[in-house]
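Undergrad: Below is one structure. I have some questions about it.
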Amino acid sequence: MTRLRIAKARADLIEGVRRWELWSVLGWHDIRQRYRRSKLGPFWITLSMGVMVGAMGVVYSELFNMNVREYLPFLAVGLIVWSFLSVPIVEGCNVFIGSEGVIRQLRAPLSVHVLRMMWRNVIILAHNMVIYFVVLAVFGLWPGATALLAIPGAIIVCLTGVWTALLAGLLSARFRDIPYMTGTVMQILFLVTPVLWSETQLSSNIRLIAQLNPFYHLIESVRMPLLGSVPPLATWATALGVTVAGWAVTLAFFVRYRERIAYWI
Amino acid sequence: MACIRLDHVSVSFPIYTAGSRSIRARLMAAGSSGRIATDAASRVLVRGLEDVSAEIVHGERVALVGRNGAGKTTMLRVMAGIYEPVAGTATVEGKVAPLFEVALGMDPESTGYENIVLRGLYLGLSKAEIRAKADEIAEFTELGSFLSLPLRTYSAGMQARLSFAVSTCIDPEILLLDEGIGAGDAAFLEKARKRLNAFVARAGILVLASHSDTLVRQLCTRALLLDQGRIVACGPVDEVLARYRGEA
C-alpha cells in the first residue's frame with residue numbers, strides 16, 4: 001500500500017514538472033486575467049511595488065535615522081524577496097481549493113496547480129526586479145559579480161515556495177481554517193522578520209529573534225548578494241536545511257494524503 | 001488495448017460540514033438515496049459506491065442507469081482516475097477523455113479560443129498539437145466569431161459544443177460522458193452522435209451516464225443499473241432498462 005502511494009506521489013510530481021507547457025500557460029494566463037482591461041496591465045505589479053518602496057524608503061529612513069542611500073536599496077530588495085517568499089505560502093492555501101472545478105473534472109497531476117502558482121510568482125518577481133535595477137541606477141550602486149550569488153539563493157527560496165504551497169494547499173483542502181490562520185501568521189512574521197529593519201538595529205541580547213527565524217536566512221541568502229556582500233555560511237546552511245527538511249515533511253504528507261485531495265475539495 | 005476493470009471498488013465521501021447528528025438526521029429524512037453512515041471518528045460519510053466490480057473491454061458501449069444519487073457520476077469519476085477508491089482497485093488502460101458537467105473546468109472570463117487551448121493542455125496535448133487541431137475544433141463547434149468572446153457570454157448549449165469538441169478531438173480510447181451533450185440543439189446532437197458513432201466504430205470504450213432512454217438505446221449495447229452505490233443489474237440495454245422502468 002505504502003509503496004503504491006509513494007509510486008503514485010512520485011509519478012504526480014514528475015508528470016507535473018513534465019507538463020510545463022500547461023502550468024506556464026496557466027501562470028501567464030492568471031497574470032493576464034488579473035490585469036485584463038486595465039491600461040497599464042501587469043506593469044501595475046512594478047508600479048505598486050515601486051511606490052511602496054519609494055514612500056516607505058523615505059519615511060522609514062527618517063524614522064530609523066538612516067541614510068536613504070543605505071536604507072532604500074535594503075528595503076527594496078527586502079520587500080521584493082519577502083513577497084516572493086510569502087506569497088506562495090498565502091496563495092498556496094488556495095491551490096487545490098481554487099482549482100476544484102478542474103480537479104473534479106479532469107485528471108491532471110495535482111502538482112500542476114502548485115507549479116502554476118509558483119510560475120505566476122516568478123513572473124511577478126521578474127516584474128519587481130525592475131525596481132531593483134532602478135534603485136541601483138538612482139543611487140549609483142553596483143554590487144559586482146557577487147550579485148550572481150543571489151541566483152542559488154533564489155533557487156532555494158523558489159524550492160521553499162513550492163513545498164510550502166504544496167503543504168499549505170493540502171492542509172487547507174482538509175481544514176478550511178488554515179487559509180485564514182496563514183494570512184494572520186504571515187502578517188506577524190512580516191513584522192518580526194528583518195525586512196523593514198535590519199538585524200543590526202536589535203540590541204545584542206534579542207538578536208536571537210532574527211537568528212532563529214528561518215525566513216530571515218532565506219531572505220538574506222538573496223538580499224545580501226544583491227546588495228554586494230557574501231552571505232555567511234550559517235545563512236546558506238540554514239536556508240538549505242529548511243528547504244530539505246520542509247520537503248521531507250511535505251513529501252510524507254503528500255504521499256499519505258494525495259489521493260484524498262479530490263475528496264476534500 | 002483500452003480496458004476498464006473495477007475490482008470490489010468502494011468510495012465514500014467524508015462530509016466535514018455535517019458533523020452533528022441533527023444534520024445527519026436531516027439528511028436521512030431528506031431521503032437521499034446515497035447511503036449515509038458514520039466512520040470511527042463519527043464523521044458523516046456518504047457512500048458513493050459499495051463493492052462495485054465491473055469489467056469493460058475495448059469496443060464496448062456501456063450505459064450507467066439509475067436514479068439520482070445512485071452513484072453514476074461517482075463511478076465515472078473513478079473510471080477517470082479522479083477519485084481513487086477507498087477500498088478495492090480500479091485499473092484503467094487507455095487515454096481517457098472525461099466529459100462531465102460542461103461548465104466545470106472552463107474559465108468564464110477567457111475567450112473560446114483560450115479555453116480550447118487550456119482544456120487541450122489539461123487533456124495532455126502540447127501547444128503545437130492544439131494549434132494543429134484548433135481549426136478542426138472551431139469548425140466542429142460552429143461558433144464562428146463567438147470563439148473570440150469570453151465564455152461567460154455563451155449559452156449552456158454553446159458551452160456544451162465547445163467542451164464536447166475539445167474533449168473528443170484528442171482521439172481518446174475511452175470516452176466518459178455524463179449527460180454532457182444534452183444541452184446542445186438538435187442539429188448539434190446529430191453531429192455529436194455521428195462523432196460518437198465514429199468513435200465507437202474505432203473500438204474505443206464509451207461509458208455514458210444518462211437518464212435518456214433514447215440516448216442510451218442509440219449509443220450503448222450494455223447497461224449497468226446502479227442503486228445506492230451498488231450494481232443491481234447488468235446486461236443488454238433493453239433488459240436492464242425494462243427492469244429499471246419496471247421498478248420505478
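Undergrad: A:Pro194 versus (1) within 17 Å of the chain's Cα centre (by Cα); (2) open to solvent by 20 Å² or more (accessible area, probe 1.4 Å); (3) at pLDDT below 95; (4) not basic (Lys, Arg): which is the lone unmet condition?
TA: For A:Pro194, the failing item is (2).
Undergrad: Among the residues in the stretch B:129-136, are any outside any helix (DSSP H, G or I), surrounded by fewer than 19 Cβ atoms within 10 Å (Cβ to Cβ) and either more than 10 Å from every other protein chain (Cβ to nearest Cβ) or in contact with an Asp or Glu (Cβ under 9 Å, 6 or more places away or on another chain) (or both)?
TA: No: zero hits.
Undergrad: For the stretch A:16-131, which fully contained helices (runs of 4 or more DSSP H) count at least 2 residues that are more than 14 Å from chain B (Cβ to nearest Cβ) and open to solvent by less than 20 Å² (accessible area, probe 1.4 Å)?
TA: In the stretch A:16-131, A:43-63, A:68-92 are the helices (runs of 4 or more DSSP H) which contain 2 or more residues that are more than 14 Å from chain B (Cβ to nearest Cβ) and open to solvent by less than 20 Å² (accessible area, probe 1.4 Å).
Undergrad: Let me ask something additional. Tell me which residues, restricted to the stretch B:203-226, are of a type in the set (A, V, I, L, M) and part of a strand (DSSP E or B).
TA: If the condition is that a residue be of a type in the set (A, V, I, L, M) and part of a strand (DSSP E or B), then B:Ile205, B:Leu206, B:Val207, B:Leu208, B:Ala209, B:Ala223, B:Leu224, B:Leu225, B:Leu226 are the ones that fit.
Undergrad: Let me spell it out: the conditions are (1) part of a helix (DSSP H, G or I); (2) touching an Asp or Glu at 6+ places or on another chain (Cβ under 9 Å); (3) within 14 Å of another protein chain (Cβ to nearest Cβ), and A:Gly153 meets all of them except one. Which number is the exception?
TA: Condition not satisfied by A:Gly153: (3).
Undergrad: Does B:Ser167 count as within 14 Å of chain A (Cβ to nearest Cβ) and under 30 Å from B:His8 (Cα atoms)?
TA: Criteria met by B:Ser167.
Undergrad: If you don't mind, another one. Which condition number in (1) free of Cβ contacts under 8 Å to residues at least 12 places away in the same chain; (2) open to solvent by 20 Å² or more (accessible area, probe 1.4 Å); (3) within 14 Å of chain A (Cβ to nearest Cβ) is the one that B:Leu189 fails?
TA: Result: B:Leu189 passes all but (3).
Undergrad: If you don't mind, there's one more thing I want to ask. If you go through the stretch A:229-252 one residue at a time, do you hit one that is over 30 Å from B:Thr89 (Cβ atoms), in contact (Cβ under 8 Å) with a residue 12 or more places away in the chain, in contact with a Lys or Arg (Cβ under 7 Å, 6 or more places away or on another chain) and not aliphatic (A, V, I, L, M)?
TA: No, the stretch A:229-252 contains no residue that is over 30 Å from B:Thr89 (Cβ atoms), in contact (Cβ under 8 Å) with a residue 12 or more places away in the chain, in contact with a Lys or Arg (Cβ under 7 Å, 6 or more places away or on another chain) and not aliphatic (A, V, I, L, M).
Undergrad: On to the next question. Pairs under 8 Å by beta carbon, first residue over 10 Å from A:Gly169 (Cα atoms) and of a type in the set (A, V, I, L, M, F, W, C) in the stretch A:89-115, partner assigned to a loop (DSSP other than H, G, I, E, B) and open to solvent by less than 10 Å² (accessible area, probe 1.4 Å), six or more apart or different chains?
TA: A:Ile103/A:Phe96; A:Leu106/B:Ala80; A:Leu110/A:Phe96
Undergrad: Of these, B:Arg43, B:Arg61, B:Arg21, which one is at pLDDT below 60 and at negative phi?
TA: B:Arg21
Undergrad: If you go through the stretch A:229-265, how many residues are exposed (fewer than 15 other Cβ atoms within 10 Å of the Cβ), part of a helix (DSSP H, G or I) and of a type in the set (Val, Ile, Thr)?
TA: Final tally of qualifying residues: 2.
The values are calculated or read from the model by the stated rules, or taken from the named source; none is laboratory data. As the structure is a computational prediction, the values presented were derived from the model and not from experiment. Here Cβ is always computed from backbone atoms with ideal geometry, including for glycine, and neighbour counts include all displayed protein chains. When the accessible area is computed, the model is the full protein with side chains, heavy atoms only, and any ligands, DNA or RNA have been set aside. Shrake-Rupley method; radii C 1.70, N 1.55, O 1.52, S 1.80 Å.
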